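S.K.: Here it is, the structure in full.
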Amino acid sequence: MTKKVIDTAQQYLTVTGENGASHIVNIQLLLQKHPPDRVLTFLRELHTDYRKELRRLIAKDKTDPNINQLVAKCFRLRMAINTIRNGMEVKAA
């Protein structure tokens, strides 16, 4: 996987706000210690957990502001997953 793919995926997982930038997940650090397929599995499991929490919140209170944050995290995780998966496919080809 190229540095460009890793940087792009990390950008999806970084949120800039009033208090500066924060990472949903620091994949650069994870990739130093684990192979890309394991990091991808972790991101998929995290995405599944966020979706379960999102469903729970929606069932409880559709006006809960935490829903917005979970939707954003799910979207960002999905984009990072797709970026890494596509980067792995290009390398394998």
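S.K.: Sort 61-72, 8-19 by the packing proxy (mean of other Cβ within 10 Å over each peptide's residues), most packed first.
M.R.: Details: 61-72: 11.8, 8-19: 14.3.
Put in order of decreasing packing, that is 8-19, 61-72.
S.K.: Amide H to amide H, which residues 5 or more places from Ile24 or on other chains are under 5 Å from it, using H placed in the peptide plane?
M.R.: Here the answer is Thr14, Val15, since their amide H atoms fall under 5 Å of that of Ile24.
S.K.: Counting pairs of alpha carbon atoms under 8 Å apart in space and at least six apart in sequence, what relative contact order in percent does the chain give?
M.R.: 40
S.K.: A further question follows. What residue among Ile81, Ile58, Ile24 shows peak mean-square fluctuation when the chain is described by a Gaussian network model with Cα springs under 10 Å?
M.R.: The residue with the greatest mean-square fluctuation here is Ile58.
S.K.: Treating only the Cα positions of segment 50-93 as identical point scatterers, give the base-10 log of I(q)/I(0) from the Debye formula at each q in 0.23, 0.33 Å⁻¹.
M.R.: Values, matching the q order: -0.72, -1.05.
S.K.: Can you tell me how much longer the chain between Leu29 and Leu57 gets when fully stretched, taken as 0.36 nm per residue apart minus their C-alpha distance, in nm with one decimal?
M.R.: On the way: separation 28, 0.36 × 28 = 10.08 nm, distance 3.06 nm.
Residue separation times 0.36 nm, minus the Cα-Cα distance, leaves 7.0 nm.
Every number here is computed from the coordinates shown, using simple stated rules; none is lab data. Worth saying up front: this structure is predicted, and the values here are computed from it rather than measured. FYI the Cβ positions are ideal-geometry reconstructions off the backbone, even for glycines, and counts take in every protein chain you see.
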